[in-house]
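The values are calculated or read from the model by the stated rules, or taken from the named source; none is laboratory data. Just so it is clear, the model here is predicted, and its values are computed rather than measured. Neighbour counts run over all protein chains shown; Cβ positions are idealised from the backbone, glycine included.
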Amino acid sequence: MAEFGVITMATDNDYLKAVGLALSIRKHNPDVEIAIACYKHISDKIGHHFDYVIEQRHDLKGFEHKVHLDEYSPFEKTFFFDADILFFRNLQPIYEQWKGRAYTARGGYKVTGGSTFGLDYKTVLKKIKKEKIITIGGAGHAYFEKPYCQEVFNLARKITSDYTSYANPCKYADEDVMGIAMTILDLPPMDNNDFQARLIHAIPGSIKMDVTKGFCEFNKNGVGKPVTPYMIHFVMREFPFLYRKNLSKIYKENSIHKELDLWVLAYRDWYWGFKTILSGKVKALFKN
């Protein structure tokens, strides 16, 4: 078993993004090994871009795979990243800060409110008898070490199998499950505000980004100085054409010719976002 590495996952919808993640990590972390967990028909297309290929279990679906990351990872110490992430800096400073922890992710604490998947924090806190819940919503990443992570993953799988004993009826999401497990086990989140960012928080016109040069900077709402994150998470298919532009740069730098496929990916993500916004407006009209 290798000591340290990165693992990601890929589906039919995001395997081109997973390659972009791997290329951007290698660009700025040339000594870090990278693994991918996916089904064989996907690894047949992109597996050669990774150091390790792990076939996903066929009895799991969707987010459930993420509560089995300890089983998928071939590393003793692992960073997990969603496929829709691009990296701009060296991981070593974060690794030095985070190592020694069984499981952690960037996040915070809440006592009221709810997640984007409908999890009600008050309901959970009442059921697990805690005063505040750890939230890692939209994280798209995690760090864990074997064998110490086994307790939190086992608990996450238990929560998954009996979700309503811990939560209100709502959509299942691994980030909510892991937050509940971390809360029960008193595993604190990390507060590295410059580690991960989303461009949705950027002041319009302030984004400067080039993944091949390891440069990403923007002015963030409510923050006086420019933000220079380690990675950008393009969650919810945000900024599809800026994302495509940078994917295209890192692909071309590695002599990978997928320009048409990347344009199709960008328009598909844009159309998904357009439909989502339109659907929300239509629902709002009927409510009124």
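Would you point out which residue out of Lys66, Lys77, Lys27 is within 22 Å of Glu145 (Cβ to Cβ) and not in a strand (DSSP E or B)?
Working: Lys77 fails: not in a strand (DSSP E or B); Lys27 fails: within 22 Å of Glu145 (Cβ to Cβ).
When all the criteria are applied, what remains is Lys66.
Pairs are defined by a Cβ separation below 8 Å, a sequence spacing of at least 6 or placement on different chains, a first member in the stretch 267-287 that is within 25 Å of Lys17 (Cα to Cα), and a second member that is among the acidic types (Asp, Glu) and at pLDDT 70 or above; the pairs so defined are Gly273/Glu238. Among the conditions (1) surrounded by fewer than 20 Cβ atoms within 10 Å (Cβ to Cβ); (2) closer than 25 Å to Met9 by Cα; (3) at pLDDT 95 or above, the only one that Lys129 does not satisfy is (2). Here the condition is being of a type outside the set (Lys, Arg) and within 17 Å of the chain's Cα centre (by Cα); of Pro204, Pro229, Pro188, it holds for Pro229 alone. Quick check on Lys130: is it of a type in the set (Lys, Arg), in a loop (DSSP other than H, G, I, E, B) and within 20 Å of the chain's Cα centre (by Cα)? Considered against the rule, which asks whether it is of a type in the set (Lys, Arg), in a loop (DSSP other than H, G, I, E, B) and within 20 Å of the chain's Cα centre (by Cα), Lys130 comes out as no.
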